Amino acid sequence: MPRFPGVDYLQFDSLLSEQELLVRQTARQFVDEQAQPLFKDAFNNGTFPKQLIPQMGELGFFGANLEGYGCAGMSNLEYGLIMQEVERADSGLRSFISVQGALVMYPIHAFGTEEQKQRWLPKLQSGQALGCFGLTEPDFGSNPSGMLTKAVPDGDHWILNGEKTWITNGSLADIAVVWARTPDGIRGFLVEKGTPGFSASDLHGKLSMRASVTSSLHFSDCRIPCCSLLPEAKGLKAALACLSQARFGIGWGVLGAAMDCYETARTYTLARKQFGDKPLAGHQLVQEKLAWMITEITKGQLLAFHVAKLKDAGKVEAAHISMLKRNNVAIALECARLSRDLLGANGIMDDYPVMRHLCNLETVKTYEGTDHIHALVIGERVTGIPAYR
Ligand SMILES: Cc1cc2nc3c(=O)[nH]c(=O)nc-3n(C[C@H](O)[C@H](O)[C@H](O)COP(=O)(O)OP(=O)(O)OC[C@H]3O[C@@H](n4cnc5c(N)ncnc54)[C@H](O)[C@@H]3O)c2cc1C
């Protein structure tokens, strides 16, 4: 497998420190040597390559931008560069890391008790324990505030009833972060695998994100101890704070998928000839598509870089992250479509990664806030008028 040369049109790398370049190089090497070779089969077979988990733990990928409890304590920029590299392999790999770090470790780190942190964070960081995040329900996706899952206090326990669906890593997880309606409003809970009344079943038949496990979680009079409550996870805003962490990672990650599609199209069209001895890349219509891709990837890199700097400075807003997620997913999806086109019939084959990226990116457009919902967040930010209802 040829090594990825990187995509850097505008001397983007000159913005990065030695340390940031080293973090990216480490992730790049892991992807080129360990991860990328596995994802064609993983996608086709509909399985996640679990053998990658221990090494990702050792490399510090899980909860990379968190401090303490064995976490790597990286900057948000370094974390973003890791996400970019891993999504070059497959959006399912980045999803796995996003869920583990941003949607499971982050809420425990931000909203948990010291005991919850000591118990779970080191194990989640190393990959010895896996987690999932249960917010979406069958009837409440874009509008989680309508959730029906309930937690009712009962002495020193809570009784949980309801169903969550579309949950990444649901059946793999040792611990589920579950959001439920209580007499006190929406709260977050930690529910352990094996708790009576809690089960998970996998969704089958996906044509996108096939290398990622997606499940439904079922709670039927599930009794969990009082200490399962994340004490500071109060209201939907706590769940949304977790989503902001994950969306930031997506905004970086999809650039990796876009780069893989761009680089595949560039090398393919340089090599393939039609109508005489001229490579496809020598035709104006082909160059126009490559020019569009490299321009949008470059703009996406600069957007991601600036949002990471704002996040590191504690100045980022959820609406900034909405722009990053929405824009970079949209351009990555278009890069995948253009690349598929430029590869002609070969573009639909699994010998090339572009059709797989294209299918995966359709999910990335929908999850963690759809394209529409992020447009409404941006719309509210610039008009002051919420237009969700
Ligand atoms: C592979 C995969 C993994 C996932 N992983 C997780 C996970 O780990 N945890 C979790 O909790 N969830 C997860 N999700 C769920 C995901 O977050 C939801 O699918 C997403 O929020 C959209 O909800 P929905 O599918 O119910 O679509 P809907 O909310 O029904 O939306 C359908 C369409 O209507 C549009 N729409 C909705 N409301 C409006 C409006 N007000 N104005 C304009 N348009 C609107 C949407 O933009 C979309 O185009 C996952 C989904 C997938 C596909």
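Of the numbered criteria (1) in contact (Cβ under 8 Å) with a residue 12 or more places away in the chain; (2) open to solvent by 10 Å² or more (accessible area, probe 1.4 Å), the one Gln11 fails is (1). Applying the condition of being more than 8 Å from the ligand (Cβ to nearest atom) and not hydrophobic (A, V, I, L, M, F, W, C) to the range 372-381 and asking which residue is surrounded by the most Cβ atoms within 10 Å (Cβ to Cβ) yields His374.
Looking at Leu148, Leu160, Leu172, can you tell me which residue is under 17 Å from Gln100 (Cα atoms) and more than 8 Å from the ligand (Cβ to nearest atom)?
Details: Leu148 fails: under 17 Å from Gln100 (Cα atoms); Leu160 fails: under 17 Å from Gln100 (Cα atoms).
Just one listed residue meets the conditions, Leu172.
Which of the residues belonging to the range 156-175 are open to solvent by less than 10 Å² (accessible area, probe 1.4 Å) and not charged (D, E, K, R)? Passing the criteria: Leu160, Ile167, Asn169, Gly170, Ala173, Ile175.
Among the residues in the range 359-366, are any assigned to a helix (DSSP H, G or I), β-branched (Val, Ile, Thr) and open to solvent by 70 Å² or more (accessible area, probe 1.4 Å)?
The initial filter retains those residues of the range 359-366 that are assigned to a helix (DSSP H, G or I), namely 359-366.
Now drop any that are not β-branched (Val, Ile, Thr), which leaves 363-364, 366.
Adding the requirement that they be open to solvent by 70 Å² or more (accessible area, probe 1.4 Å) leaves 366.
Within the range 359-366 (the criterion being assigned to a helix (DSSP H, G or I), β-branched (Val, Ile, Thr) and open to solvent by 70 Å² or more (accessible area, probe 1.4 Å)), the answer is yes, since at least one residue qualifies.
Contact map, the range 132-155: first residue open to solvent by less than 20 Å² (accessible area, probe 1.4 Å), second residue more than 6 Å from the ligand (Cβ to nearest atom) and assigned to a loop (DSSP other than H, G, I, E, B), Cβ cut-off under 6 Å, separation 6 or more or different chains; pairs are Cys132/Asn169; Cys132/Gly170; Cys132/Ala173; Glu137/Met147.
Annotation: of all residues in the range 202-220 being more than 10 Å from the ligand (Cβ to nearest atom), out of contact with any strand residue (DSSP E or B) (no Cβ under 6 Å at 6 or more places or on another chain) and touching a residue at least 60 places away in the same chain (Cβ under 8 Å), the one that is least open to solvent (accessible area, probe 1.4 Å) is Ala211. Restricted to helices (runs of 4 or more DSSP H) entirely inside the range 26-103, those with at least 3 residues that are within 19 Å of Gly127 (Cα to Cα) and more than 16 Å from the ligand (Cβ to nearest atom) are 53-58, 76-89. Within the range 295-303, can one find any residue that is farther than 28 Å from Lys40 by Cα, in contact with a helix residue (DSSP H, G or I) (Cβ under 7 Å, 6 or more places away or on another chain) and surrounded by 15 or more Cβ atoms within 10 Å (Cβ to Cβ)? Within the range 295-303 (the criterion being farther than 28 Å from Lys40 by Cα, in contact with a helix residue (DSSP H, G or I) (Cβ under 7 Å, 6 or more places away or on another chain) and surrounded by 15 or more Cβ atoms within 10 Å (Cβ to Cβ)), the answer is yes, since at least one residue qualifies.
Within the group Val191, Val178, which residue is away from the ligand (no atom under 12 Å from the Cβ), part of a strand (DSSP E or B) and crowded, with 23+ Cβ neighbours inside 10 Å?
Values: Val178 fails: away from the ligand (no atom under 12 Å from the Cβ).
Exactly one residue qualifies, and that residue is Val191.
Which of the following residues is in contact with a helix residue (DSSP H, G or I) (Cβ under 7 Å, 6 or more places away or on another chain), among the small types (Gly, Ala, Ser) and away from the ligand (no atom under 13 Å from the Cβ): Gly384, Gly347, Gly369?
Details: Gly384 fails: in contact with a helix residue (DSSP H, G or I) (Cβ under 7 Å, 6 or more places away or on another chain); Gly369 fails: away from the ligand (no atom under 13 Å from the Cβ).
Result of the check over Gly384, Gly347, Gly369: Gly347.
The values are calculated or read from the model by the stated rules, or taken from the named source; none is laboratory data. The structure displayed is predicted, hence computed values, not measured ones. Cβ atoms come from the backbone with ideal geometry, glycine included; neighbour counts cover every protein chain shown. For accessibility, only protein heavy atoms count, side chains too; no ligands or nucleic acids. Shrake-Rupley method; radii C 1.70, N 1.55, O 1.52, S 1.80 Å.
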